[in-house]
Amino acid sequence: MAAIYSLYIINKSGGLIYYKDHGTASRMDTNDTLRLASLWHSMHAISQQLSPVSGCFGVELLEADTFDLHCFQSLTGTKFFVVCEPGTQNMEMLLKYVYELYTDYVLKNPFYEMEMPIRCELFDLNVTQGVQKDRVALLGR
Amino acid sequence: MQFFGTTEINPSPPAVTAAGNNAHMMYIFNRNGVCLLYREWNRSLHTLSAQQDQKLMFGLLFSLKSLTAKMDPTSADKVNLGVPQLPGQGCSFHSFRTNTYKLSFMETPSGIKLILVTHPRTGDLRESLKYIYNLYVEYVVKNPLYTPGTPIKYELFNTTLDQYVRGLG
């Protein structure tokens, strides 16, 4: 059973630019993933409005009955979130690592258009490797 | 999802780890989205009017529930996003955390939603919410003067709730 179910990257306006499935029970179609991504974008924004104290940056961890959702927002507003088994550790590390890969393989790619879906083979490859269970454990640096 | 069939009617309050004033606010909604109770203990930031704030909170919970029901990676048969589901159907959630607060959520079989907003470092509050639900049953539902679906205005319930919440770790 997979520890990590799926990984999403959404741009600053809520559009899904990357989605990778790592073993969910039912593969969702593209439309559903797009809807989920933009829904998460809005939920993230609303959670900041409802904060009882100032300085809220939105949801970092959502604990559902059957999964955990860890979210990392970069300074430019790109959101990375991973859906994993409840109680999986080191997910912040993994998200920061994916962010690092994103800056290296996507943003530095001269053929990549900002805010558009990511189609970079090397990024795909490295993310898949990073998501492997043993790598997650090693990332505790 | 399993509702608390095994819980006795009057469980003793869950053990409190460390006394402190960690709770920010509490909401109780019924299944129609009417806010039955809103209490706040220390809330420094008010961005919206009370009514707008409650509506936004209910909307957030409703949408987050449809999100988790659709995203559920362990089940193969799921309804479309946004289709209303009965309490207990589909994958729900019990809490989320931001850098400034933690929101714990419980929905009862009758559709009552209990929301407790606390300090982000507080632990699992599912048992505490069950206890608060029991307070609600004992002090509000069993009150013969209470009309279901109306805001709760009972001194005894409020003081008991305040006292319990103040002791949360």
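Listing for the model above:
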item	result
Residue-wise HN-Hα coupling along region A:58-71, computed from phi with Karplus coefficients 6.51, -1.76, 1.60 (Hz; x: Gly, Pro)	x, 5, 9, 9, 10, 9, 9, 5, 10, 7, 10, 10, 9, 10
Amide hydrogen neighbours beyond the local backbone of B:Leu36, cut-off 5 Å, H modeled	B:Ile28, B:Phe29, B:Asn30
Computed helical MRE - 222 nm, chain B, DSSP H runs ≥ 4 contributing -39500 (n - 2.57), nearest 500	-8500 deg cm²/dmol
21 Å tail of the calculated P(r), region A:4-138, as % of Cα pairs	40 percent
Set of lysines near A:Lys12 by C-alpha distance (under 22 Å), chain-local residues within fewer than 8 positions excluded	A:Lys20, A:Lys79, A:Lys96, A:Lys108
Dipole of chain B, positive end: most advanced residue of B:Phe157, B:Val141, B:Val79 [Cβ charges, Cα centre]	B:Val79
Residue mean of other protein chain beta carbons inside 10 Å, A:64-76	4
Cα gyration tensor shape of chain B, rounded if a/c is under 1.5, else prolate or oblate by comparing a/b with b/c	rounded
Peptide A:35-47 - average C-beta neighbours from other chains (10 Å radius)	4
Most to least accessible of A:Glu113, B:Glu138 (protein chains only, probe 1.4 Å)	A:Glu113, B:Glu138
Table column - 3J(HN,Hα) (Hz), region B:89-99, Karplus curve with 6.51, -1.76, 1.60, x for Gly and Pro	8, x, 7, 9, 9, 10, 6, 9, 10, 10, 6
Set of lysines near B:Lys78 by C-alpha distance (under 19 Å), chain-local residues within fewer than 8 positions excluded	B:Lys65, B:Lys70
Lys, Arg +1 and Asp, Glu -1 on Cβ, resulting dipole of the protein assembly as shown about Cα centre, debye, nearest 20	480 debye
Accessible area buried, both sides summed, chains B and A with 1.4 Å probe, Å²	3500 Å²
Rounded to the nearest 20 debye, dipole of region A:4-138 from Cβ charges on Lys, Arg, Asp, Glu	220 debye
Accessible surface of chain B [probe 1.4 Å, protein heavy atoms]: carbon and sulfur percent	53 percent
222 nm mean residue ellipticity, helices alone, for chain A (DSSP H n ≥ 4; -39,500 (n - 2.57); rounded to 500)	-10500 deg cm²/dmol
Nearest-0.05 FRET efficiency for A:Asn90 and B:Asn30, computed from C-beta distance (R0 45 Å)	0.65
Ratio of Rg to Rh over the protein assembly as shown (Cα coordinates, Kirkwood Rh, two decimals)	0.99
Amide hydrogen neighbours beyond the local backbone of B:Ser95, cut-off 5 Å, H modeled	A:Glu63, B:Phe105
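The values are calculated or read from the model by the stated rules, or taken from the named source; none is laboratory data. Note that the structure is a prediction, hence the values are computed from the model and not measured. Here Cβ is always computed from backbone atoms with ideal geometry, including for glycine, and neighbour counts include all displayed protein chains. Quick note on the areas: whole protein, heavy atoms, side chains included, nothing else; ligands and nucleic acids left out. Shrake-Rupley method; radii C 1.70, N 1.55, O 1.52, S 1.80 Å.
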